[in-house]
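Worksheet for the structure shown next.
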Amino acid sequence: MASEWPEIQIGELVRRGEVTLQTGPFGSQLHKHDYIEHGIPVVPTEAIGRGLILSESVLPQITSEKASELKRHVLQRGDILFARRGAQATGLSAYVDDDHVGALCGTGAILLRLRSSTLDSKFLASFLATNEAFEWLRTHAVGAVMPNLNTGIISKLTVPVPPPSVQVEIASFMSAIECRIQLLKKEDATLEAIAQALFKSWFADFDPVRAKAEGREPDGMAAATTALFPDSFEDSPLGPIPHGWQARSLDSIANYLNGLALQKFPPESEDEFLPVIKIAQLRAGTATYADRASARLKPDYVVHDGDVLFSWSGSLEVEFWCGGDGALNQHLFKVTSTEVPKWFYYLATRQHLPMFRQIAASKATTMGHIQRQHLTQAKVAVPPLPVLTAATEIIEPLLDRRISNSLQMRQLTQLRDTLLPRLISGKLRLPEAQSLSEEAIA
């Protein structure tokens, strides 16, 4: 990016002794038997996000003995990790905060350690999170099939150098936005967990029915709601289910619409198109850098915020899409229903994800997948309308809030990505940026 500030190559900082760069441990240094359930965490490539270590990542753990052998890779506060390999990860970098001090740099990462009066580590992490820096790293990575970074490439990256006080102000401003995004992510995880737990209790384990069958009152349930549940079970293709309920297949309660081979539907012009929603976009939750398709697709194949998408091959995921309008690509189902509420078919599909992933993993192909027949074989107990209505009053607001949070995260991310390069280049000053962001952060 064109900058009003002086600039310096990372390699020059290395030459001065103000930066060290080192590749994570070799794969030969970490073996399967080194990993344990509880130990010293290791930050792998997939945990490196845009500017931070992903809070939702489950980090692998190694023994303290193995960690002591790899002590040169132990992370300190202010370190920066680069994802050095992988089509999706290459170019991402993350600041090491207090929560990850003492963890180890993973085998697929490069560790940058800053001991400089020239650059603030949080400012450098903010710069590396810009689209410009990210794309520069991706573009210069070597390898057509599996792009890779190395310390030599990172050394050639040029960084703007504002005055130290400006660096600290920019880093603090960006941290406030990132903190808000992380709080929303944590709230979403909590909302999702509550909704899934309630669905499992009522519609998979049938806890209220079991309690009534045993002569007990269901825990924490109002008398009016308790009265909606039967006190006995009946046989079904799903096994014993509450009396009067129906065992239905997933594809009988909802429509699973497969996407299109969108290369056959190119955009009409440079200004009229829809971003293509593929598995990678679903996992990332954004259509940034997506391919383009016709904006005149049949409406069924257009994805909107709040739609339920299910990737049935590769990485099997079921998510609410909150990345804006897009075109539904093949290998993704858009799930809809005229029979049951959105929350019900969303959670029912998620309930079967472990089984679907096992099926996909068993396929002797490069990309495992499930087939239509597996949707037919997957059964769910569907209650009478009064029970669905009672559950809707509890679960729907939880998931509506989750979607609302995700849309706010998208707004904050767009704000960050718009303001950050202008701040770092010196074309925008902090007071103006704070004014622009005030409404979004509130």
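Residue-by-condition table, conditions (1) free of Cβ contacts under 8 Å to residues at least 40 places away in the same chain; (2) in the same structural domain as LEU198 (by TED's automatic domain parsing); (3) not hydroxyl-bearing (Ser, Thr, Tyr):
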{"site": "GLY215", "(1), (2), (3)": "yes, yes, yes"}
{"site": "ASP219", "(1), (2), (3)": "yes, yes, yes"}
{"site": "ALA227", "(1), (2), (3)": "yes, yes, yes"}
{"site": "ASP235", "(1), (2), (3)": "yes, yes, yes"}
{"site": "GLY239", "(1), (2), (3)": "yes, yes, yes"}
{"site": "ARG248", "(1), (2), (3)": "no, yes, yes"}
{"site": "GLN263", "(1), (2), (3)": "yes, yes, yes"}
{"site": "SER269", "(1), (2), (3)": "yes, yes, no"}
{"site": "PHE273", "(1), (2), (3)": "yes, yes, yes"}
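Out of the residues in the range 84-105 meeting the condition of being at pLDDT 90 or above and among the small types (Gly, Ala, Ser), tell me which one is farthest from PRO44 (Cα to Cα). Only one residue tops the list, namely GLY102. From the list SER28, SER64, SER68, SER93, pick out the single residue that is touching a helix residue (DSSP H, G or I) at 6+ places or on another chain (Cβ under 7 Å) and among the small types (Gly, Ala, Ser). Of SER28, SER64, SER68, SER93, the one residue that is touching a helix residue (DSSP H, G or I) at 6+ places or on another chain (Cβ under 7 Å) and among the small types (Gly, Ala, Ser) is SER93.
How about the range 1-89: which strands (runs of 3 or more DSSP E) wholly inside it have at least 2 residues that are farther than 24 Å from LYS186 by Cα, over 19 Å from the mean Cα position of the chain (by Cα) and not β-branched (Val, Ile, Thr)? Explain how you work it out, then say what you get.
Working: elements: 7-9, 19-23, 40-43, 50-52, 80-83.
Counting at least 2 such residues, we get 7-9, 19-23.
Listed by first and then second residue, the pairs linking a residue in the range 402-418 that is of a type in the set (Val, Ile, Thr) to a residue that is surrounded by fewer than 17 Cβ atoms within 10 Å (Cβ to Cβ), with Cβ atoms under 8 Å apart and 6 or more places separating them unless they lie on different chains, are ILE403/ASP305; ILE403/GLY306.
Contact map, the range 279-304: residues that are within 23 Å of ASN405 (Cβ to Cβ) paired with residues that are among the β-branched types (Val, Ile, Thr) and crowded, with 17+ Cβ neighbours inside 10 Å, Cβ distance under 6 Å, separation 6+ or inter-chain. Pairs shown: ALA290/VAL276; VAL303/ILE277. Identify, from the list LEU111, LEU119, the residue that is at pLDDT below 95 and within 20 Å of THR158 (Cα to Cα). None of the other options fit; the residue is LEU119. The listed residues are SER435, SER404, and the only one of them that is of a type in the set (Gly, Ala, Ser), in a helix (DSSP H, G or I) and within 19 Å of the chain's Cα centre (by Cα) turns out to be SER404.
Residues checked against (1) crowded, with 19+ Cβ neighbours inside 10 Å; (2) farther than 30 Å from ARG429 by Cβ; (3) assigned by TED's automatic domain parsing to the domain that holds LEU149:
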{"site": "ARG15", "(1), (2), (3)": "no, yes, yes"}
{"site": "GLU18", "(1), (2), (3)": "no, no, yes"}
{"site": "LEU30", "(1), (2), (3)": "yes, yes, yes"}
{"site": "VAL43", "(1), (2), (3)": "yes, yes, yes"}
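Restricting to the range 79-89, count the residues that are under 12 Å from LEU149 (Cβ atoms) and either touching a His at 6+ places or on another chain (Cβ under 8 Å) or crowded, with 23+ Cβ neighbours inside 10 Å (or both). Counting residues in the range 79-89 that are under 12 Å from LEU149 (Cβ atoms) and either touching a His at 6+ places or on another chain (Cβ under 8 Å) or crowded, with 23+ Cβ neighbours inside 10 Å (or both) gives 4.
Determine which member of the set MET355, MET367 is more than 30 Å from GLY220 (Cβ to Cβ) and of a type in the set (A, V, I, L, M). Please lay out each step first, then the result.
Numbers: MET355 fails: more than 30 Å from GLY220 (Cβ to Cβ).
The conditions single out MET367.
Taking the conditions (1) under 23 Å from the mean Cα position of the chain (by Cα); (2) modelled with pLDDT of 95 or more; (3) of a type in the set (Val, Ile, Thr) in turn, THR130 satisfies each one other than (2).
Can you tell which of ALA204, ALA189 is at negative phi and either at pLDDT below 95 or within 23 Å of the chain's Cα centre (by Cα) (or both)? Break it down stepwise before answering.
Working: ALA204 fails: either at pLDDT below 95 or within 23 Å of the chain's Cα centre (by Cα) (or both).
The unique qualifying residue is ALA189.
VAL96 - would you say it is touching a residue at least 60 places away in the same chain (Cβ under 8 Å), surrounded by 15 or more Cβ atoms within 10 Å (Cβ to Cβ) and among the β-branched types (Val, Ile, Thr)? Answer is no for this residue. Scanning the range 228-281 for residues that are charged (D, E, K, R) and touching a Ser or Thr at 6+ places or on another chain (Cβ under 7 Å) gives ASP251, GLU268.
Considering the range 62-76, the residues that are surrounded by 14 or more Cβ atoms within 10 Å (Cβ to Cβ) and among the charged types (D, E, K, R) include one that is farthest from LYS32 (Cα to Cα), namely GLU69.
The values are calculated or read from the model by the stated rules, or taken from the named source; none is laboratory data. These numbers were taken from a predicted model, which means no experiment stands behind them. As a convention, Cβ positions derive from the backbone with ideal geometry for all residues, glycine included, and neighbour counts pool all protein chains shown.
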